[in-house]
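Structure record follows, encoded as structure tokens.
The values are calculated or read from the model by the stated rules, or taken from the named source; none is laboratory data. Model, not experiment: these values are computed from the prediction. Glycine also receives a Cβ, built like all others from the backbone with ideal geometry; neighbour counts cover every protein chain displayed.
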Amino acid sequence: MNMRIIGSGSYIPETKVPNTYFDSHLFLDENGCSLNHSIERIIEKFTAITGIEERRYAPEHYTASDLAFLAAQSAVDHAGIDRESIDYIIVSHNFGDVRYSTIQSDMLPSLASRVKNKLNIKNPGCIALDIIFGCPGWIQGMIHANAYMRSGIAKRCLVIGAECLSRVVDQHDRDSMIYADGAGAAIVELSATDKGMFSHHSASFTLNEADYLYFGSSYNPGHNPDIRYIKMHGRKIYEFALNQVPQAMKSCVDKAGIQIDQIKKILIHQANEKMDEAIVQRFYKLYGKTPPKDVMPMIIKFLGNSSVATIPTLYDLISKGELPGHEIISGDIILFASVGAGMNINAFVYQV
């Protein structure tokens, strides 16, 4: 018996926000001083490092739970199941529902409860719960779903990752250009098959790394210091990811008992193109090999970093043939991996 994905869905907002959107922004450093480079040079360097040319922002009347519902509805339709048969709805996010032009996060009730309500599921035995685990939240949701099903308390789960990061960014912080909005979802069930989830691995580094991503005041000293925004120590995160993620990926692959050459795709959190490329290079180097061409599909160029939504969105696009140059067919082995606030790392090996 293994956990298998029987349906997927995603919601990609229609509003495209190109890098030129930031041409009029005043970017400051953490001391409130203007950066030494022109805005054109800042954007040029940003694009070269992250690979991001545009991102998507949610419509003003939507919140993260709305995006989660739309992705969930798509996944339910794709799976062709009765929604009343879902035992668990697991929604991963980090900031709850932040309404447009407001500063307060709303997580009461949970986003999973809101999604269940929007799906009009009547069954009280369908449990709705949220996971706060940084960007690796959706993968952790998949790992939780696997545990629930293997323990016998669930047969079918809906796992969603949704975020509206555009609502929690400091417009004076150049890192604000990284973040985007979106949602992805998967329907999973326990099946009598040799395929599915082979292995998983998770780790939380909190002794020295807990504040690498945090909530902090605007870099503009004239703004209210009590209003908080997503902040990060980019260099520390980059070094941490390169030192820790490849080994975590290797641990997961070794647990699965497969050879690295069997991996057809690596679906890694779309955080930073250069960082992801370096992680995959180091991962293959642990086996004395180099990455095959096109093993790591990327959507960050046109969707930006939507945190927990990046991997399920990527999977949905590829599995439905909507990402040119990439495909997933029956029998393919995929390695899913992520890193993010916590600092948390996780991965799982999956055969389609």
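With respect to Ile266, determine if the residue is modelled with pLDDT of 95 or more, under 24 Å from Val159 (Cα atoms) and either among the aromatic types (Phe, Trp, Tyr) or assigned to a loop (DSSP other than H, G, I, E, B) (or both).
Values: modelled with pLDDT of 95 or more: yes; under 24 Å from Val159 (Cα atoms): yes; either among the aromatic types (Phe, Trp, Tyr) or assigned to a loop (DSSP other than H, G, I, E, B) (or both): no.
No: the conditions fail for Ile266.
Conditions (1) assigned by TED's automatic domain parsing to the domain that holds Phe46; (2) assigned to a helix (DSSP H, G or I), marked per residue:
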site	(1), (2)
Ala185	yes, no
Leu207	no, no
Asp254	no, yes
Pro291	no, no
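Would you mind finding the one in Ala68, Ala48 that is of a type in the set (Gly, Ala, Ser) and over 21 Å from Lys118 (Cβ atoms)? If you could, list the steps in order and put the result at the bottom.
Numbers: Ala68 fails: over 21 Å from Lys118 (Cβ atoms).
Only one candidate qualifies: Ala48.
Inside segment 248-269, residues that are surrounded by fewer than 19 Cβ atoms within 10 Å (Cβ to Cβ) and within 11 Å of Met296 (Cβ to Cβ) make up a count of 0. Residues that are within 23 Å of the chain's Cα centre (by Cα) and without any contact (Cβ under 8 Å) to a residue 60 or more places away in the chain within segment 18-47 comprise Pro18, Thr47, listed in sequence order.
Within segment 108-161, the set of residues being without any contact (Cβ under 8 Å) to a residue 40 or more places away in the chain, under 17 Å from Gly96 (Cα atoms) and assigned to a loop (DSSP other than H, G, I, E, B) comprises Leu108, Pro109, Ser110.
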